[in-house]
Amino acid sequence: MQIYGSFFFGIWIKFFFLLTPFFVLSTFLSMTQRYEARERRKLALRVTVAVLVACFTLYFFGNTLFSLFGITLDSFRIGAGALLFLSAVQLVYGDDKAPPGGEREVISVVPLAIPITVGPGTTGALLVMGAEIQQSWEILVGCAALATAVLCIGLLLFCAASIEHLIGKRGIIILSKITGLFVAALAAQIVFTGIRNFMTAG
């Protein structure tokens, strides 16, 4: 039971930071400044559903895509890790400006779900992490961890106004940049794993 718990927590924490929760929260608040509280909550639910669909699609079809294009997992590790690292740098040094708001139904998928929450770097990491998991219990626990991470993001968005009132916009921006550091470390680990496996195989 302990091994399941450790595996669940490890996957959950990776996915949680991969989804850059505080950057998403900051952007969500910026794009919904004129929304009423009820409208924000409805939008938060739509974003959560869209992110769940996107994440599970990427998580389950990694191996299929690799086989289709003849790409090795380690090659993709290096490419995805490099892209994720660039996303982390942007997260740390970015200007924190959000895209302009739009129709409520539209922005729940684009840009809030994709590419703000599930960006290019996150997409690559999801494909790699999904392809790495082989055993049945790992797939089940991994799915539960991924769903929990996405629901945590959804909860943050659902309580966006309260969180902003509690720690302020500056506090959210600081947390967003700290998240970028964790994402950069995760990206480096993915790249190093790919390089190590290449060198070992050679």
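The values are calculated or read from the model by the stated rules, or taken from the named source; none is laboratory data. From a predicted model like this one, the values you see are computed outputs, not experimental measurements. Cβ placement follows ideal geometry from the backbone for every residue including glycine, while neighbour counts extend to all protein chains displayed.
Quick check on segment 93-121: of everything there that is surrounded by 20 or more Cβ atoms within 10 Å (Cβ to Cβ) and within 17 Å of residue 40 (Cβ to Cβ), which residue is modelled with the lowest pLDDT? Quick ask: steps written out before the conclusion?
Here is the first cut: in segment 93-121, the residues surrounded by 20 or more Cβ atoms within 10 Å (Cβ to Cβ) are 107-108, 112-113, 116-119, 121.
With the extra rule that they be within 17 Å of residue 40 (Cβ to Cβ), the set shrinks to 107-108, 112-113, 116-117.
Numbers: 107: 85, 108: 89, 112: 91, 113: 93, 116: 90, 117: 94.
Among residues in segment 93-121 that are surrounded by 20 or more Cβ atoms within 10 Å (Cβ to Cβ) and within 17 Å of residue 40 (Cβ to Cβ), the one modelled with the lowest pLDDT is 107.
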**OP:** Give me the pairs, please: first residue somewhere in segment 48-76 and farther than 30 Å from residue 108 by Cβ and in a helix (DSSP H, G or I), second residue anywhere and of a type in the set (Lys, Arg) and modelled with pLDDT of 85 or more, beta-carbon distance under 9 Å, and either six or more positions apart or on two chains.
**Re:** 74/196
Original post:
What residue, among those in segment 170-196 that are within 17 Å of residue 23 (Cα to Cα) and not aliphatic (A, V, I, L, M), is surrounded by the fewest Cβ atoms within 10 Å (Cβ to Cβ)?
Top reply: 170
**OP:** Please work out which one of (1) over 19 Å from residue 164 (Cβ atoms); (2) not in a helix (DSSP H, G or I) is the condition residue 12 fails and give its number.
**Re:** (2)
Original post:
Which numbered condition trips up residue 28, out of (1) of a type in the set (A, V, I, L, M, F, W, C); (2) over 14 Å from the mean Cα position of the chain (by Cα); (3) surrounded by fewer than 19 Cβ atoms within 10 Å (Cβ to Cβ)?
Top reply: (3)
